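Before any comments, here is the structure.
The values are calculated or read from the model by the stated rules, or taken from the named source; none is laboratory data. Only a predicted model underlies this, so the values are computations on that prediction, with no experimental measurement involved. Cβ: placed from backbone, ideal geometry, glycine included. Neighbour counts: every protein chain shown. Side chains are part of the model used for accessible areas, which takes the heavy atoms of the whole protein and leaves out ligands, DNA and RNA. Shrake-Rupley method; radii C 1.70, N 1.55, O 1.52, S 1.80 Å.
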Amino acid sequence: MTATPARRVLLAAPRGYCAGVDRAVIAVEKALEQYGAPIYVRHEIVHNKYVVQTLEKKGAIFVDVTAEVPEGSIVMFSAHGVAPTVHAEAAERKLATIDATCPLVTKVHKEAVRYAKEDYDILLIGHEGHEEVIGTSGEAPDHIQLVDGPEDVANVEVRDESKVVWLSQTTLSVDETMETVDALKSKFPNLLSPPSDDICYATQNRQIAVKKLAEDAELVIVVGSKNSSNSIRMVEVALDAGAPAAHLVDFASEIDEAWLEGVTTVGLTSGASVPDVLVDGVLEWLAERGYADVETVKTADESITFSLPKELRRDLRAEAAALSSAE
């Protein structure tokens with residue numbers, strides 16, 4: 001008789017929450033604890049269905065536009081950042097604000113402002129319509145043009161080829177971004193690079209880890225939401241790295257058992273906005289189907305943390321009341 005191959009799970013490390021997401025989620029929880037419900041949040045605080053639903057149950061109200069927030073309320077800006085016009089809208093509506101923008105996104109915003117002041121044409125590599133791209137573009141709308149992948153480079157025109165710089169959305173695929181940068185450099189030899197890579201450390205680390213999984217796994221499962229850019233990229237990275245199959249799921253219940261046919265090794269990871277409870281749920285689901293042997297594949301150590309937004313150290317309810325009563 002032929003022995004049945006041992007089934008196993010390769011669990012990526014690092015995976016899940018990055019420092020910016022951890023900070024943003026804790027900021028909502030602290031605001032609810034400190035000021036009481038409701039706390040309004042402009043857009044999803046992070047792109048994860050479970051996190052948003054959990055915070056809604058605690059009293060967070062997610063809105064698409066600032067106009068939906070009642071005057072005199074507290075509003076929090078999501079980890080993806082917002083344009084200066086949004087801050088102005090909040091001031092007009094007399095809202096007390098908490099800015100939970102990831103510090104790494106804030107860094108890109110500051111770079112955009114600096115290069116615009118120096119009158120550079122700024123080529124922002126990113127995906128049209130993504131909240132982070134909208135926020136960064138809003139810092140210098142007259143200087144920034146979006147480049148949505150290598151195929152978009154042919155459409156790029158600049159005023160002065162000696163004053164061109166590229167910036168990028170922080171959650172992109174590293175490989176795709178550098179492919180776009182290479183294409184831009186071929187067109188604009190004097191293209192300036194930002195002082196440091198804009199793609200965040202967590203995005204890079206999770207993509208490196210998923211490439212490692214793809215070396216041995218017949219199936220890679222990425223836990224993450226469909227609107228999470230970094231989670232979607234991880235599926236693409238797994239496939240590009242040679243994984244025969246890779247799928248994105250929010251919950252274990254979304255896994256199709258047919259995916260396991262002929263699979264002895266499953267690679268498992270999660271996007272930067274995914275709490276570990278969802279990964280644990282997938283591990284339990286896999287264990288019930290014979291994949292009880294779990295081996296951690298570690299490719300990096302992460303020790304970065306960010307301090308909470310400074311606004312949480314103030315009495316924002318009193319500030320909101322003062323703003324709404326001011327003439």
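For the criterion of being small (Gly, Ala, Ser) and part of a loop (DSSP other than H, G, I, E, B), Ala321 fails.
Residues that are open to solvent by less than 10 Å² (accessible area, probe 1.4 Å), under 30 Å from Pro141 (Cβ atoms) and hydrophobic (A, V, I, L, M, F, W, C): which strands (runs of 3 or more DSSP E) entirely in the stretch 12-115 hold 3 or more of them?
74-77
Between Thr54, Thr101, Thr66, the distinction of being of a type outside the set (A, V, I, L, M, F, W, C) and free of Cβ contacts under 8 Å to residues at least 12 places away in the same chain belongs to Thr54 only. Among the residues of this structure, Tyr35 does not count as one that is in contact (Cβ under 8 Å) with a residue 60 or more places away in the chain and farther than 25 Å from Asp315 by Cβ. The residues of the stretch 210-244 that are crowded, with 24+ Cβ neighbours inside 10 Å, part of a helix (DSSP H, G or I) and small (Gly, Ala, Ser), listed by number, are Ser229, Ser231, Ala238.
Let's see how each residue does on (1) closer than 30 Å to Thr97 by Cα; (2) at pLDDT below 95:
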position: Gly242; (1), (2): no, no
position: Ala245; (1), (2): no, no
position: Phe251; (1), (2): no, no
position: Val274; (1), (2): yes, no
position: Thr296; (1), (2): no, no
position: Ile304; (1), (2): yes, yes
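Is it true that Val46 is of a type outside the set (Gly, Ala, Ser) and either in contact (Cβ under 8 Å) with a residue 40 or more places away in the chain or touching a helix residue (DSSP H, G or I) at 6+ places or on another chain (Cβ under 7 Å) (or both)? Explain how you work it out, then say what you get.
On the way: of a type outside the set (Gly, Ala, Ser): yes; either in contact (Cβ under 8 Å) with a residue 40 or more places away in the chain or touching a helix residue (DSSP H, G or I) at 6+ places or on another chain (Cβ under 7 Å) (or both): yes.
Taking the combined requirement at face value, the residue satisfies it.
Determine, yes or no, whether Thr101 is under 27 Å from Ser303 (Cα atoms) and in contact with a His (Cβ under 9 Å, 6 or more places away or on another chain). Before you say what the answer is, go through the steps one by one.
Details: under 27 Å from Ser303 (Cα atoms): yes; in contact with a His (Cβ under 9 Å, 6 or more places away or on another chain): yes.
Considered against the rule, which asks whether it is under 27 Å from Ser303 (Cα atoms) and in contact with a His (Cβ under 9 Å, 6 or more places away or on another chain), Thr101 comes out as yes.
Pairs linking a residue in the stretch 304-327 that is of a type in the set (Phe, Trp, Tyr) to a residue that is part of a helix (DSSP H, G or I), with Cβ atoms under 8 Å and 6 or more positions apart or on different chains, are Phe306/Ala19; Phe306/Gly20; Phe306/Asp22; Phe306/Arg23; Phe306/Pro103. Can you find even one residue in the stretch 268-277 that is open to solvent by 50 Å² or more (accessible area, probe 1.4 Å) and of a type outside the set (Lys, Arg)? Looking for residues that are open to solvent by 50 Å² or more (accessible area, probe 1.4 Å) and of a type outside the set (Lys, Arg), one finds at least one in the stretch 268-277, hence yes.
Residues that are over 16 Å from Val282 (Cβ atoms) and of a type outside the set (Asp, Glu) were ranked within the stretch 210-227; the one that is nearest to the chain's Cα centre (by Cα) is Asn227. Residues that are touching a Leu at 6+ places or on another chain (Cβ under 9 Å) and either surrounded by fewer than 19 Cβ atoms within 10 Å (Cβ to Cβ) or not assigned by the TED database to the domain that holds Ile122 (or both) do occur in the stretch 163-177.
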